[in-house]
1. Among the residues of segment 60-69, is any among the basic types (Lys, Arg) and in contact with a Lys or Arg (Cβ under 8 Å, 6 or more places away or on another chain)?
2. Consider Ser2 against the criteria (1) exposed (fewer than 11 other Cβ atoms within 10 Å of the Cβ); (2) at pLDDT below 95; (3) under 21 Å from the mean Cα position of the chain (by Cα): it satisfies all of them except one. Which criterion is unmet?
3. Exactly one of these conditions fails for Leu50: (1) assigned by TED's automatic domain parsing to the domain that holds Cys28; (2) part of a loop (DSSP other than H, G, I, E, B). Give me its number.
4. Residue by residue through segment 95-115, note down the ones that are more than 14 Å from the chain's Cα centre (by Cα) and at negative phi.
5. Here is a list: Val52, Val113, Val100. Which entry is loosely packed, with under 12 Cβ neighbours inside 10 Å and either out of contact with any strand residue (DSSP E or B) (no Cβ under 8 Å at 6 or more places or on another chain) or touching a residue at least 12 places away in the same chain (Cβ under 8 Å) (or both)?
6. Among the candidates Phe57, Phe45, Phe25, which residue alone is part of a helix (DSSP H, G or I), surrounded by 10 or more Cβ atoms within 10 Å (Cβ to Cβ), of a type in the set (Phe, Trp, Tyr) and in contact with a Phe, Trp or Tyr (Cβ under 8 Å, 6 or more places away or on another chain)?
Amino acid sequence: MSMQGTVKQKWFWYSVFCLACWGPFAFCAKLGSREIPATGMQFLFTLGGLPVAFVVFAARRFKLEKSAKGISFGLIVGILSAIGTLALFAAYRTGSNAAVITAATSLYPMVTVILAVLILHERLTRDQIIGLIFASAAFVIFSL
């Protein structure tokens, strides 16, 4: 797909919006973690998400999901996200370089790719494999 084609796709703009939120998220997480412990940050992170959850629920006219499998995966995502975020806040609290911590934790898509290949039997192109190699090398160089 060409760059013009990509820019016209919904997923691309959702990804850009996600990036616009997660960049400041990591920055604010570092600043907050200097002031309060990881457990306090996790509590406030969860509390901060409640208004968003309420707006989404209201936009759905307060209808609950019916797929048990989907609900299960949603809950697993929430649990893993909460535990991972708690670890992120703890990492920031150590006083180490926020840029290195953020870069290290931002390699989580590599785990997703590996799981997608092993479990979902998705295939990677040669260019995607080269991208993973470069991402790994960049992390090693960046963390030195």
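1. Looking through segment 60-69, none of the residues is among the basic types (Lys, Arg) and in contact with a Lys or Arg (Cβ under 8 Å, 6 or more places away or on another chain).
2. (3)
3. (2)
4. Ser96, Asn97, Ala98, Ala99, Val100, Ile114, Leu115
5. Val52
6. Working: Phe57 fails: in contact with a Phe, Trp or Tyr (Cβ under 8 Å, 6 or more places away or on another chain); Phe25 fails: in contact with a Phe, Trp or Tyr (Cβ under 8 Å, 6 or more places away or on another chain).
Result of the check over Phe57, Phe45, Phe25: Phe45.
Matching residues to (1) surrounded by 12 or more Cβ atoms within 10 Å (Cβ to Cβ); (2) more than 16 Å from the chain's Cα centre (by Cα); (3) not hydrophobic (A, V, I, L, M, F, W, C):
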residue: Glu65; (1), (2), (3): no, yes, yes
residue: Leu75; (1), (2), (3): no, no, no
residue: Ala90; (1), (2), (3): yes, yes, no
residue: Ile119; (1), (2), (3): no, yes, no
residue: Arg123; (1), (2), (3): no, yes, yes
residue: Leu132; (1), (2), (3): yes, yes, no
residue: Phe139; (1), (2), (3): yes, yes, no
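For every residue, the table says whether it meets (1) hydroxyl-bearing (Ser, Thr, Tyr); (2) closer than 20 Å to Pro109 by Cα.
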position	(1), (2)
Phe12	no, yes
Pro37	no, no
Phe43	no, no
Thr46	yes, no
Phe57	no, no
Glu65	no, no
Ala68	no, no
Gly74	no, yes
Leu80	no, yes
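The values are calculated or read from the model by the stated rules, or taken from the named source; none is laboratory data. This one's a predicted model, so the numbers in the text were calculated from it and none came from an experiment. Glycine also receives a Cβ, built like all others from the backbone with ideal geometry; neighbour counts cover every protein chain displayed.
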